[in-house]
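Structure record follows, encoded as structure tokens.
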Amino acid sequence: MIHTLKLKLNRRHFLLSTAAIAVARPAFAQEAATPKTGGTLIYLERQPHTNLYPPAGGFYPNSGILNQITDKLLWQNPETLELEPWLAESWEVNADATEFTFKLFDGITFSDGTPLDAAAVALNFDTFGLGNPEKRYPVSEVLANYVSSEVIDPLTVKFTFSQPSPGFLQGTSVIGSGIVSPQTLDHPFDDLGDATKIIGSGPFVISGEVLGKEVDFTARPDYNWAPASWGHTGAAYLDGIKMLIAPEDSVRIGALISGQADIIRQVQSYDEPQVEAVGAIIYAAPTNGVNNTLVFRPENPLVADAKVRQALIHATNTQEIVDTIFSPNYPQATSILAKGAMGYVNLSDKLAYDPALAAQLLDEAGWTLGSDGLREKDGVKLAVACYEALAQPQSRAVLQLIAQQWGAVGVTLQVLPMDSSSAALNVLDPALAPVLNSMVGRADLDVMRSFFSPQARNNMLQVGGLGQGKSFVDETMNDLLESIATAADPAQRAALGAEAQNYVIDNGYVVPLFEEPQVFGAQAYVKGLAFDSVARPSFFNVWLDK
């Protein structure tokens, strides 16, 4: 149990003096050796899950569970980003991308033995696309303009949208579109924090849970519908998985190094060398979406002027951030999107570190440098606050370094802790949180709508969406995001995606920092570890070579 590990382990014990052993990083593919069956994988996760309603799977601890117990209609190959059959053996889309018809494989069942048929899939997407106020189910952020489903026959289902929705096909492959049994959706939203209530069709089932501490998985012996490109048919190789919650980095690292854990999530970059020094392997899976980014809330008068926001882009030395804080697994951002993301365009010229230009822009905006080295306008100091983002790697250290960089041009960045009870509400108020540190992974151009639109995450706190924004709205940007979501022609969609990336940077709405991976450490005997297109692990192919 993890509380026992805490008594035995501390960080100092694992600062090994042995010479580093060079370990190649394997491709995310099945090894050539013959897999062995059996055994339980000991997996240490940093945070407990919250709610396992599939559209809530964007939170990594949630997706780490959902990815083992649910399947999706389609599989997005992380190497090619192409869509492949999974629960659906085929699909058709009408000319204007408003109707999508899926033919399911026959014989697939949920883990409670009920058939996974067209009616069950229709119920899932009706719930994800329309929400359910009575049961408090929110609408999925990846299903814009959803209208209805129609069961054509027991294995055929059609979905209709009010406007073209070319991103829907990819949307059926994301973690938030995992299919669960009708019995699961009988529960209200608040019940689905209990993992034992989630009935999926995945290769594992939940066999036990100690809330906030441990989740146990058992392999389904009758599982036989993995995507063809996963490399084998039939059941998973493992007997099961024991997921233990270990918030302290030193405990997870210590458990891995001592051999008490087989795999751990979120290895900090400064811990990577000691993981490799004992022969374990670092996996840095890319998230292929919006980079780790600072987002401005223009309703706050301190960052309302685009020249101020542009100045802060050029005052941020992202190369120094990745060189100082991170390993090579965290590439410097060169756009809003990561290089591996769909529709990426290189905007590094617009993001150049140039403190002289930053100072010039601040001067032009009327923020003059005082004798104390700080910028001031009409008696007000240019001092903004940002809460650390607990889910993002080393957010506090990143923000503290940016505070030094901005300080060099006379701007104060106050880094606030996220551990107070009021912080979660304060980050939704542009007056209290003019800057946000955030990211989101999804390998489709609609990821920008998810990140910025007031109808989705609304990170800029525009009027009409999540948060307490009361005056700021950018209809041009919102129209552009909706155009991407509804453009049926791929070439037109790519062009709109490029236009959106330029528009966001030209208006100084964000400071892209680095491409954020999910970094795992695993024993060398853990074979077959794979990740989806946004770095969620899959243990279906994992086997223990010991």
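The values are calculated or read from the model by the stated rules, or taken from the named source; none is laboratory data. What you are looking at is a predicted structure, and each value in this text was computed from that prediction instead of being measured. Glycine gets a Cβ as well: all are built from the backbone with ideal geometry, and neighbour counts include every protein chain shown. Surface areas here come from the heavy atoms of the whole protein model, side chains and all, with no ligands, DNA or RNA. Shrake-Rupley method; radii C 1.70, N 1.55, O 1.52, S 1.80 Å.
So the values come out like this:
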| read-out | value |
| --- | --- |
| Sole exception among (1) aliphatic (A, V, I, L, M); (2) outside any helix (DSSP H, G or I); (3) modelled with pLDDT of 95 or more for L66, by number | (2) |
| Yes/no for T80 being hydroxyl-bearing (S, T, Y), out of contact with any helix residue (DSSP H, G or I) (no Cβ under 6 Å at 6 or more places or on another chain) and either under 22 Å from F451 (Cα atoms) or assigned by the TED database to the domain that holds V210 (or both) | yes |
| Pick from the stretch 96-119, criterion within 22 Å of G343 (Cβ to Cβ) and not in a strand (DSSP E or B), ranking: most open to solvent (accessible area, probe 1.4 Å) | D96 |
| Given (1) under 30 Å from Q319 (Cα atoms); (2) open to solvent by 30 Å² or more (accessible area, probe 1.4 Å); (3) among the aliphatic types (A, V, I, L, M), index of the condition I281 fails | (2) |
| Output for the stretch 175-230, where each listed residue is of a type outside the set (S, T, Y), in a helix (DSSP H, G or I) and out of contact with any helix residue (DSSP H, G or I) (no Cβ under 7 Å at 6 or more places or on another chain) | Q183, D186, F189, D190, L192, G193, A228, W230 |
| Extreme residue, nearest to R449 (Cα to Cα), among residues of the stretch 466-499 that are surrounded by fewer than 16 Cβ atoms within 10 Å (Cβ to Cβ) and among the acidic types (D, E) | D479 |
| E79, sole failed condition from (1) within 29 Å of D489 (Cα to Cα); (2) within 27 Å of the chain's Cα centre (by Cα); (3) open to solvent by less than 60 Å² (accessible area, probe 1.4 Å) | (3) |
| Residue satisfying all of: in the stretch 120-135; part of a loop (DSSP other than H, G, I, E, B) and charged (D, E, K, R); most open to solvent (accessible area, probe 1.4 Å) among these | E134 |
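Residue by residue, here is whether (1) crowded, with 20+ Cβ neighbours inside 10 Å; (2) in contact with a His (Cβ under 9 Å, 6 or more places away or on another chain) holds:
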position: I257; (1), (2): yes, yes
position: R265; (1), (2): yes, no
position: T287; (1), (2): yes, no
position: V295; (1), (2): yes, no
position: T318; (1), (2): yes, no
position: T324; (1), (2): no, no
